[in-house]
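One structure is given here, and the rest of the page talks about it.
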Amino acid sequence: FRIEQFPPTQESAARPALQNPFALRMTDHEKLANPLEGDTTAHLEPTTNSALVRSVSKSKAEAERRRALRKAGKSTGMEKTDELDEKDEHIIELSELARRLETNTETGLTYAKYRDNLEKYGPNQLTPPPEKFWLLLLLEHMTGFFSLLLWAAAVLCFVAFGIDNSSQDNLYLGVVLVAVVVLTGIFSYYQDAKSAAVMAGFKNFLPEKCIVVREGDEKQILATDIVPGDLVKITNGMKIPADLRLVIASEMKVDNASLTGESEAQKRDTKPEKKGSQQLEAKNIAFYGTLCVNGGGMGLVIATGDNTTIGTIAKLAADASNREGAQTPINIEIHHFIKIISAVAIFLGILFLILGFILGLDAIDNLVFCIGIIVANVPEGLLATVTVSLTLTAQRMAIKKVLVKNLEAVETLGSTNVIASDKTGTLTQNIMTVQHVWYDGGTKLARGIGEGVADEKAPTYQYVKNCITLCTTATFISEEEEKNGVPFQNRTFQGDASEGALIKYIEPVLRKTGSGILAERKAHPLLYKLPFNSTNKFMLTICNMDQDHEKDHILWMKGAPERIWERCTHIMVEGEVKKKEPYEEEYNHGLFTLMNNGERVLGLCMKVLPAKDYPKEYKYNWDGESGEESNFPYEGFTFIGLTALMDPPRAAVPAAVRSCQTAGVQVIMVTGDHPDTAEAIAKMVGIIRSPTRRDIAVREKKMIADIPVNHPDIGARVVRGVEMMAMSDSELDILLDYDQLVFARTSPANKLTIVKAIQNKTIRRYKDGRPAKRVKNIVAVTGDGVNDSPALSQADIGVAMGVVGSDVAKDAADMILLNDNFASIVDGVEEGRLIFDNLKKSIAYTLSSNIPEITPFLIFILIQIPLPLPTVLILLIDLGTDMLPAISLAYETKEADIMMKPPRDSRVDRLVTRKLISFSYLQIGVIQAMAGFYTYFVVLNDYGFKAKDLVGASKIFFDFADDSGSAVYEPDPNDTVGATRLTIKGNSIDLIECNITDAEVCHKPDEALAHAQGAFFVSIVIVQWADVIACKTRKLSLYHQGMRNTVLNIGLVEETCLAILLSYVPALNVLGTRQIRFVHWFPAMPFSMLIVMYDELRKYLIRRGPPEGSNKSMNLVEEYTYY
């Protein structure tokens, strides 16, 4: 590239610091400092990272109020303590720390002291969470709420068989119930074991070896052998093996993203921190598990294993996950359902046991039938249906790169109404990226095509490009990535995050001209470099114009915009050098815009150093705090432009956030990052849509401290962790009424407190005048860092990132996003709602057949007709013909409005409601029972038994089955087909002419009853065709939903084929079925059509909504039948 010779400048006086009156009103956020002491003040300080001004507020009144509350023994709202704040190793002098640890900052521990410390503190490793023996886990899966109900039913069956072993029916039923519980328990255990195996693959937290100094000798040891007091050597790229107080820090930077949420690498030094500062924000501490990304140093071990900061956080996470009474919403719903079913079953069983005694039934027979009623009320196949439904959903989520560790977690996500999301790595890419460049008085997009994108051929842009190339030291380090053509944005590099972003941006630009960073640096040899430091806040390089050392040298500088601008006297505009004063307003506006976006802005400038003044052998030397004693110019530079970097949002996040909001799910941000950055990202992704306190301050050109927090135009709040912890419980509860919330600079304990506060919130108040309403929040927390793990454990469902997520976060979570895509959470919400809808449908379908299964027992006991449906046939329905159709409803696609509805209110919208019971029992179930009894009476009538004569005739049928030889037919015992009366053991029944002349069945009570029972069984199958079709939707018409559920269609065929096999395979007739006549399939069909027509009419009326002019949100049909 070519550098034009600039005319010399006459201005050499130091430039004043940037003073932008408008920008000075751009204060950060609300009351930023510790509000527990001091008077309310505001001061300004320059910044290179976010806003130009910060307002710091402290409240003496608040401190006094809390002291008074403590004296009175009342809650202060400050019981939410953070034990990380109590540590002081970052505050005391190194010499004092060395004395405390009985070590030496140069020679390390003695071997004797090392052995003492190893015995005292133990190995340097986190205590793993206790693991249950696999057999106990398996037993847990077999003793859940629903499983216990089935165990109870099985025990009752065995009791019934023990009382009356003349029939094997109850034995078979008990064995099958036990098999159902065992098989579904094994299936659930297997699914959880698969997830646990995937989790085991994530374990990789501690470096295997590191170098320590003991008694002056360097020694490589296992990281687990480190003890407090050890002197550890740190190198670039090393994972920190323990919490260290730095003794030496050479240009050292660490990546604390997983611990604090800061996406920018943090510079480390050795200076003691101020008293009262938090250790998490200390610059002289390197934390266990973080990564050294630049430089190196030495550090004294101040904590190992569970005593490290990560260990403390892991303990918080463990305490949160072990909270008492924690149940998933679906677990609560199933428990609720079991209580309803158990109450109904026990009530009916005891009621008819009493009725049986009153009616004089045999005590043993009465007890057996009481057990039959209880068993008939238990939907034996539902446990398998729930397990399979959850598993199918987990498998669908796995296809979408979501690992479900806990099957019940899927439905919990569907019930969620608040998502508290981390920012770094979750909403954002956790990759610093150049977003904008400012030159020639305008802000341009760094990438893209079309208007508004940086013109790579513009004259000024050439200098921007060259400054980035030559005033950075970061390099790409993987030749393999180069060979494989990995995009530059995804390549690994050596250097800090900001320089990495700059080279990832500029390398593809240079490649277009056939060059590259290394080629350009080689073509323009480096003569001098002044690294970036926190005092100067800039980096400086001096390079040859080209490889001809006789030519002019060029000074390049990049750094904090105000430091760069103040050293410049000129500015480059369209390739020409001009005085900067006329362009100062444009510069301030551009800088303000970029900083207001939450971007990290770097200024760029240059100066030509003439060869005659700075020959080839010239030795450059920077001296003095501001360079005033240097042997080359330290001011009078030419300003080139600005680059703006940030960790950008993931592309799919804004749409995902909108989808959540449409679905009534509030998304709030909880991050450890800076408030400016957090607010900017929140606006980009749509978490903040209304004015914040800062926006009001900008609009009214005031300081933020002058804007009251209850300003009527404030619709969104950005709150620091220290502010939140200073609030009382009631103040925090009021803050949570905002639907647009960002919590910034939060510690792990802060995050935990926020999640608990959201969960404990019971009243939601609205600013727009709507009446307050009661709420029961279900909270999902997303995060990737160690700092997120306590909140992940406390949440109703924790969602961790699988790629960049820490092991501690993954352990604490219920679900893991294997692609780190926040948008997958929206899929999870949809799947969770779908599974709840489909479980409702499946339960409605399953319970409907309970009525035609129970009523035969009731009628048998009340009017003593022959039992229309024995328990084995009930079992064939519940675990045979009904099973696949019930499971197939889990495959039903979503209804159109599933993501338009608000989240279900878990206090009202239960899995099983009285409206669902009414629909299944009193509407569909009654129609099914009518179909069954009508078919039963038709069959018996066809075989010579009139319906009205069956009342009280159960003993005749029972006695005939027991002793048919004692039966007497009148008038002709040899012509049973033509007989008109049957008498056995003193009891008689009139006979009519058989419509179907089958000598083995006609007028034979046992076979005629078996055929009628088989037909009753088939009739339930037929009406269940209609029931499963009706249950496909809760509101939509079958016409709109269609019959596209392949599994359901197969289920209909399977149900029918199974009924045919059970009826017409002679070997299977031992179960109580018979080869019924084809004509006996038809009596139930009109009832089946009636179910479909009734349900379509019901849904049509629901969709019509309330009458015009009504003030109700639903009509009567929806109010009383929509389940």
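The values are calculated or read from the model by the stated rules, or taken from the named source; none is laboratory data. Bear in mind that the values here come from a model prediction, so they are computed numbers and not experimental data. Here the Cβ is made from the backbone with ideal geometry for all residues, glycine too, and neighbour counts use every protein chain on show.
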Next item on the list: Please give the number of the condition Met899 fails out of (1) among the aliphatic types (A, V, I, L, M); (2) over 24 Å from Gly664 (Cβ atoms); (3) surrounded by fewer than 21 Cβ atoms within 10 Å (Cβ to Cβ).
Entry: (2)
Check: Of the residues in the stretch 625-667, how many are in a loop (DSSP other than H, G, I, E, B) and within 21 Å of Thr569 (Cα to Cα)?
Finding: 12
Notebook entry, point to check: When the stretch 1064-1123 is examined, which residues are found to be within 30 Å of Leu940 (Cα to Cα) and in a loop (DSSP other than H, G, I, E, B)?
Noted result: Val1065, Gly1072, Thr1073, Arg1074, Gln1075, Ile1076, Arg1077, Phe1082, Pro1083, Ala1084
Note to self: Suppose we filter Gly925, Gly986, Gly944, Gly932 for residues that are on the phi > 0 side of the Ramachandran plot and modelled with pLDDT of 90 or more; which single one remains?
What the structure shows: Gly944
Item checked: Matching residues, the stretch 1076-1123, being modelled with pLDDT of 85 or more, among the charged types (D, E, K, R) and under 41 Å from the mean Cα position of the chain (by Cα) -> Asp1095, Glu1096, Arg1098, Lys1099, Arg1103, Arg1104
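So that you can scan it fast, the table gives a plain yes or no per residue for (1) closer than 30 Å to Thr762 by Cβ; (2) small (Gly, Ala, Ser):
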{"site": "Gly832", "(1), (2)": "yes, yes"}
{"site": "Ile843", "(1), (2)": "yes, no"}
{"site": "Asn850", "(1), (2)": "no, no"}
{"site": "Thr855", "(1), (2)": "no, no"}
{"site": "Leu862", "(1), (2)": "no, no"}
{"site": "Val872", "(1), (2)": "no, no"}
{"site": "Lys894", "(1), (2)": "no, no"}
{"site": "Val912", "(1), (2)": "yes, no"}
{"site": "Gly932", "(1), (2)": "no, yes"}
Checklist line | The lone exception for Pro708 - which of (1) farther than 30 Å from Gly442 by Cβ; (2) in contact (Cβ under 8 Å) with a residue 40 or more places away in the chain it fails | finding: (2)
Notebook entry, point to check: In the list Gly944, Gly932, which residue meets the criterion of being surrounded by 21 or more Cβ atoms within 10 Å (Cβ to Cβ) and assigned to a loop (DSSP other than H, G, I, E, B)?
Noted result: Gly944
Next item on the list: Could you tell me which numbered condition Asp814 fails, if it satisfies all but one of (1) touching a Lys or Arg at 6+ places or on another chain (Cβ under 7 Å); (2) surrounded by fewer than 24 Cβ atoms within 10 Å (Cβ to Cβ); (3) assigned by TED's automatic domain parsing to the domain that holds Lys683; (4) acidic (Asp, Glu)?
Entry: (2)
Item checked: Any hit, the stretch 293-302, residues being touching a residue at least 12 places away in the same chain (Cβ under 8 Å), part of a loop (DSSP other than H, G, I, E, B) and either touching a strand residue (DSSP E or B) at 6+ places or on another chain (Cβ under 7 Å) or hydrophobic (A, V, I, L, M, F, W, C) (or both) -> no
Next item on the list: Would you mind finding the one in Ala931, Ala967 that is touching a strand residue (DSSP E or B) at 6+ places or on another chain (Cβ under 7 Å) and not hydroxyl-bearing (Ser, Thr, Tyr)?
Entry: Ala967
Next item on the list: Hand me the list of strands (runs of 3 or more DSSP E) wholly inside the stretch 212-274 holding 2 or more residues that are among the small types (Gly, Ala, Ser).
Entry: 243-255
Next item on the list: Would you be able to say whether some residue in the stretch 780-794 is part of a loop (DSSP other than H, G, I, E, B) and touching a residue at least 40 places away in the same chain (Cβ under 8 Å)?
Entry: yes
Item checked: Verdict on Leu879 being assigned to a helix (DSSP H, G or I) and either surrounded by fewer than 21 Cβ atoms within 10 Å (Cβ to Cβ) or not assigned by TED's automatic domain parsing to the domain that holds Phe1016 (or both) -> yes
Notebook entry, point to check: Of the residues Cys568, Cys605, which single one is more than 27 Å from Asp676 (Cα to Cα), modelled with pLDDT of 95 or more and either surrounded by 22 or more Cβ atoms within 10 Å (Cβ to Cβ) or of a type in the set (A, V, I, L, M, F, W, C) (or both)?
Noted result: Cys568
Next item on the list: Give the residue, chosen from Asp706, Asp739, Asp713, Asp695, that is under 25 Å from Asp905 (Cα atoms) and surrounded by fewer than 22 Cβ atoms within 10 Å (Cβ to Cβ).
Entry: Asp739
Check: Among the candidates Lys578, Lys551, Lys522, which residue alone is assigned to a strand (DSSP E or B), surrounded by fewer than 20 Cβ atoms within 10 Å (Cβ to Cβ) and not aliphatic (A, V, I, L, M)?
Finding: Lys578
Next item on the list: Working carefully through the options Asn597, Asn588, find the one that is polar (S, T, N, Q) and either within 41 Å of the chain's Cα centre (by Cα) or surrounded by 22 or more Cβ atoms within 10 Å (Cβ to Cβ) (or both).
Entry: Asn597
Check: Name the residues in the stretch 819-843 that are over 12 Å from the mean Cα position of the chain (by Cα) and either closer than 25 Å to Ala651 by Cα or not in a helix (DSSP H, G or I) (or both), would you?
Finding: Asn819, Glu830, Glu831, Arg833
Check: Among (1) touching a Pro at 6+ places or on another chain (Cβ under 7 Å); (2) of a type outside the set (S, T, N, Q); (3) more than 30 Å from Asp878 (Cα to Cα), where does Pro971 come up short?
Finding: (1)
Next item on the list: Considering every residue within the stretch 645-656, establish whether at least one is in contact with a Leu (Cβ under 8 Å, 6 or more places away or on another chain), crowded, with 16+ Cβ neighbours inside 10 Å and farther than 30 Å from Val418 by Cβ.
Entry: yes
Next item on the list: Out of Gly769, Gly798, Gly783, report the one residue that is over 19 Å from Ala682 (Cα atoms) and either of a type in the set (D, E, K, R) or buried (at least 21 other Cβ atoms within 10 Å of the Cβ) (or both).
Entry: Gly798
Next item on the list: Search the stretch 977-1014 for residues being of a type in the set (D, E, K, R) and assigned to a loop (DSSP other than H, G, I, E, B), and hand back the single one that is nearest to Lys955 (Cα to Cα).
Entry: Lys985
Margin query: Just checking: which of the helices (runs of 4 or more DSSP H) contained wholly in the stretch 399-500 hold 2 or more residues that are modelled with pLDDT of 90 or more?
Written below: 459-470
Margin query: Kindly evaluate Gln1024 against the criterion of being under 46 Å from the mean Cα position of the chain (by Cα), surrounded by fewer than 22 Cβ atoms within 10 Å (Cβ to Cβ) and in contact (Cβ under 8 Å) with a residue 12 or more places away in the chain.
Written below: no
